[in-house]
Amino acid sequence: MATINDRYLYLKAGYLFPEIARRVNAFAEANPSAKIIKLGIGDVTEPLPEACRAAMIKAVEEMGDRATFRGYGPEQGYPWLREKIAEQDFKARRCDIDASEIFISDGSKCDTGNILDIFGKDNAIAVTDPVYPVYVDTNVMAGNTGPANEAGQYEGLIYLPISAANDFTAAIPSQKVDLIYLCFPNNPTGATATKEHLQQWVEYALANGSIILFDAAYEAFITDPTIPHSIYEIDGARNCAIEFRSFSKNAGFTGTRCALTVVPKTITGKASDGSDVELWKLWNRRHSTKFNGVSYVVQRAAEAVYSPEGQAQVKALVSFYLENAKIICEKLTAAGLTVYGGVNSPYVWVQAPTGLSSWEFFDKLLEKANVVGTPGSGFGSAGEGYFRISAFNSRENVEEAMKRILENL
Ligand SMILES: *Cc1c(COP(=O)(O)O)cnc(C)c1O
């Protein structure tokens, strides 16, 4: 009889989004005339930039001609894409990252999970609370945790609480941590990290031999020029940080699929015999064994993001969502609520009115304004009392949702 990976049984049944769907469906059935506006799930709504579409169409035509047809490409991605990323995302910000250190993939969600393949089983692993659930669940699947307790926290993981009290930036841990996941601008809180804060993490990591797994999926939303876009803007990060980036949120590739992971050749980890091993070699081996590259058509679409037209179109897309976020912040503040994030981020993190839990506030917004958001407690126990509202929607829906909240709350 085949056995299974028992650790999957530790996973809490995907609770958050199914529970939201259950409550929304029940409400919709009881109130068939209600026009529900969803500001919950972190998916984009606006169409792909014209430059990306044009590049894809051209690439499809090439695929239809024997002379320009492409079969398997390099697993790590085509050099023309990796070089543009190195130049424009990194070198232009004075980050010392070479094209050979950039691995193209079909998503950051996958990469943040897959990266665990190259690490040992006895690392001390830290996540923030609240957190993007993928970091936690992939560690459970990899066998890096024990079971969850009542509060939903897994034995063996180190949870670093973030809240208004610490500006939604985790305190540097007092104990030794081997792997630490950081996400800035943050999902779900919309918080950003200053250069000084990231510098503290890099210093901690260098002093303790730790590795920072830095998720920069939302870097394009940074408008404040003092906030770093990349962990490699910090001195020393080349020796302790892996960075994940995605075309999902800047260029609307959530359904197109393209992302990248940066593994500098200067980072090492310890083998069990005590020797230092380059992580780049391991990730290169993993990536080329278990992955066969992103489609040519999609890599051409990603390349178009770096053309002058592509840059202008992506900027317009991001500005559109940021304007939504600004409207959400202004209206919710006018409604008497306390809001965080929403400035260098598409997420607004709302404090539920005094005395209301995250789910109670969810029900109230659904019933009174027919607006759906995401209860903060679904991202971790320290998210209790908060609520995430996403700016990914049409202007019309955002304005209508805010009008209803102002009138009915
Ligand atoms: C959306 C998102 C990503 C991007 O995931 P893809 O698989 O590239 O679409 C990565 N990290 C976080 C925190 C996200 O919210």
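The values are calculated or read from the model by the stated rules, or taken from the named source; none is laboratory data. Keep in mind the model is a prediction, meaning the values are calculated, not measured. Here Cβ is always computed from backbone atoms with ideal geometry, including for glycine, and neighbour counts include all displayed protein chains. What goes into the accessible areas is simple: the full protein's heavy atoms, side chains included, and nothing from ligands, DNA or RNA. Shrake-Rupley method; radii C 1.70, N 1.55, O 1.52, S 1.80 Å.
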(request) Please work out the FRET efficiency for the pair Met63 and Gln88, using the Cβ-Cβ distance as r and a Förster radius of 30 Å; give the result to the nearest 0.05. (result) 0.70
(request) Run the accessible area of segment 53-308 with a 1.4 Å probe and give the carbon-and-sulfur part as a rounded percent. (result) 50 percent
(request) State to the nearest 20 debye the size of the charge dipole of segment 316-409 about its Cα centre, where the only charges are +1 on K and R beta carbons and -1 on D and E beta carbons. (result) 100 debye
(request) Quote the charge dipole size of the chain about the Cα centre in Debye, to the nearest 20; the model charges only the Cβ of Lys and Arg (+1) and of Asp and Glu (-1). (result) 540 debye
(message) With loop defined by DSSP as not H, G, I, E or B, and exposure as at most 14 other Cβ atoms within 10 Å, which is the longest segment of the chain clear of exposed GluC sites (Glu not before Pro)?
(response) 156-409
(message) Let me make sure I get this right: for the chain, a, b and c are the square roots of the gyration tensor eigenvalues over alpha carbons, sorted descending. Under 1.5 in a/c it's rounded, otherwise prolate if a/b > b/c, else oblate. Which is it?
(response) oblate
(message) For a test of the definition: using alpha carbon positions, the gyration tensor, and the 1.5 limit on a/c, classify segment 270-409 as rounded, prolate or oblate.
(response) oblate
(message) 7 Å from Cα along Cα→Cβ at both Ala28 and Met141: what's the point-to-point distance in nm?
(response) 2.7 nm
(request) Between Thr289 and Ala13, with labels modelled 7 Å along Cα→Cβ, what's the label distance in nm to one decimal, could you check? (result) 3.6 nm
(request) For Cys183, enumerate residues with amide H under 5 Å from its amide H, sequence gap 5+ or separate chain, H modeled in the peptide plane. (result) Asp215
(message) Just to verify a number: what accessible area does Lys35 come out at with the full protein assembly present, 1.4 Å probe, Å² rounded to tens?
(response) 150 Å²
(request) Report the one residue of Val294, Phe90, Asn284 whose Cα lies farthest in the direction of the positive end of the charge dipole of segment 53-308 (charges on C-beta: Lys and Arg +1, Asp and Glu -1; origin at the Cα centre). (result) Val294
(request) Please name which of Gly64, Thr194, Thr223 has its Cα lying farthest along the dipole of segment 53-308 towards the positive end, using unit charges on Cβ (Lys, Arg +1; Asp, Glu -1) and the Cα centre as origin. (result) Gly64
